[in-house]
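Single-structure report; data block below.
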Amino acid sequence: MKYQIRGTPSTVIGIALLAVSLGIFLANHATSPIHAAQNQPVAADILKIAATIKDGNNAAAKKQAAALAAKIEDLEHVMRVFKPRKKDGKGGVGVGNGGITPDGIELLLYDLEAGKFGAAAIAKEAAVLEEMAQRIAAVAEVTDVKLPEKFVLPQKKENWLEWSATVRMSAAELAKAAKAKNAQAVKTIAGKINAACNLCHTDFR
Ligand code: HEC
């Protein structure tokens, strides 16, 4: 006997549409790095830029960063992606509940530098750490083009650009080191990134 879908054409079409939209819904949730609760404008933009960096399309990432830089007043919300996860879903490390402690990029970078994560922990969290590194690179793409409106002594534009570039390039190295599960490199590079974050904050925050 042949299998048949019973029902009027409209219910068949209705079921087909439902199946397609469910498929799209599931596909988005499976592949999108954007956790629903984190989907507020700036954080979502940073995650999109991070995804573009993950795809290896740095030219497109720079365009997305320039578009974000043009629509924000300052870096407050951009930098917030580095803070611990809040109940509203902003901040944190990784998607969903990340599952990594501390659940905040700034704090985790310090713990990585301090060597609180051994080789086994870094290998286990390699994918989360790689995504974190791409998020840091995304923020640095924005600091590359969103400069302070004025520089007051002793602030220097060259310093800003240098620290931003250091974070951007070190974040790319961190993504590679995490992917390679190279614990020693992860530790060293986390230290390099922290130093650049701190240098910029000393003068500009
Ligand atoms: C090129 C300069 C620069 C670099 C590099 C930089 N920051 Fe910032 N950061 C700033 C500025 C400027 C602010 C203040 C933003 C504001 O409130 O307008 C800030 C603010 C912050 C805040 C506070 C956000 C809030 O809630 O107000 C955090 C957290 C932060 N940065 C983390 C980091 C971390 C972690 C790094 C390194 C991975 C980093 N920053 C690298 C310039 C920088």
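The values are calculated or read from the model by the stated rules, or taken from the named source; none is laboratory data. Small disclaimer: the values here were computed from a predicted structure and weren't measured. In this analysis, Cβ positions are derived from the backbone assuming ideal geometry, glycine residues included, and neighbour counts consider all displayed protein chains.
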From the list Gly91, Gly115, which one is touching a Gly at 6+ places or on another chain (Cβ under 7 Å) and assigned by TED's automatic domain parsing to the domain that holds Ala60? Gly91
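Yes/no matrix, rows are residues, columns are (1) closer than 17 Å to Ile53 by Cβ; (2) among the aliphatic types (A, V, I, L, M):
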residue: Tyr110; (1), (2): no, no
residue: Ala121; (1), (2): no, yes
residue: Met132; (1), (2): yes, yes
residue: Glu141; (1), (2): yes, no
residue: Leu147; (1), (2): no, yes
residue: Lys156; (1), (2): no, no
residue: Trp163; (1), (2): no, no
residue: Lys176; (1), (2): yes, no
residue: Ala190; (1), (2): no, yes
Looking only at residues in the stretch 79-96 that are touching a residue at least 12 places away in the same chain (Cβ under 8 Å) and out of contact with any helix residue (DSSP H, G or I) (no Cβ under 8 Å at 6 or more places or on another chain), which one is surrounded by the fewest Cβ atoms within 10 Å (Cβ to Cβ)? Gly96
Which numbered condition in (1) surrounded by fewer than 21 Cβ atoms within 10 Å (Cβ to Cβ); (2) part of a helix (DSSP H, G or I) is the only one that Gly56 fails? (2)
Residue by residue through the stretch 62-78, note down the ones that are part of a helix (DSSP H, G or I), out of contact with any helix residue (DSSP H, G or I) (no Cβ under 8 Å at 6 or more places or on another chain) and near the ligand (Cβ under 9 Å from one of its atoms). Glu76
Is it true that some residue in the stretch 174-192 is in a loop (DSSP other than H, G, I, E, B), assigned by TED's automatic domain parsing to the domain that holds Ala65, modelled with pLDDT of 95 or more and of a type in the set (Gly, Ala, Ser)? yes
One residue is enough: does the stretch 141-148 have a residue meeting the conditions crowded, with 20+ Cβ neighbours inside 10 Å, closer than 15 Å to Val81 by Cα and either polar (S, T, N, Q) or away from the ligand (no atom under 12 Å from the Cβ) (or both)? yes
It is to be established whether one or more residues within the stretch 123-134 are in contact with a Phe, Trp or Tyr (Cβ under 8 Å, 6 or more places away or on another chain), over 23 Å from His77 (Cα atoms), more than 11 Å from the ligand (Cβ to nearest atom) and not hydrophobic (A, V, I, L, M, F, W, C). yes
Within the stretch 174-205, how many residues are free of Cβ contacts under 8 Å to residues at least 12 places away in the same chain and surrounded by 20 or more Cβ atoms within 10 Å (Cβ to Cβ)? 0
Elements of type helices (runs of 4 or more DSSP H) in the stretch 79-154, at least 3 residues being farther than 15 Å from Ala177 by Cα: 105-113, 126-145
State whether the residues of the stretch 104-114 include one that is more than 15 Å from the ligand (Cβ to nearest atom), crowded, with 17+ Cβ neighbours inside 10 Å and aliphatic (A, V, I, L, M). no
Within the stretch 160-173, is even one residue within 9 Å of the ligand (Cβ to nearest atom), crowded, with 19+ Cβ neighbours inside 10 Å, farther than 18 Å from Leu199 by Cβ and not acidic (Asp, Glu)? no
Would you check if there is a residue in the stretch 69-78 being within 12 Å of the chain's Cα centre (by Cα) and in contact (Cβ under 8 Å) with a residue 40 or more places away in the chain? yes
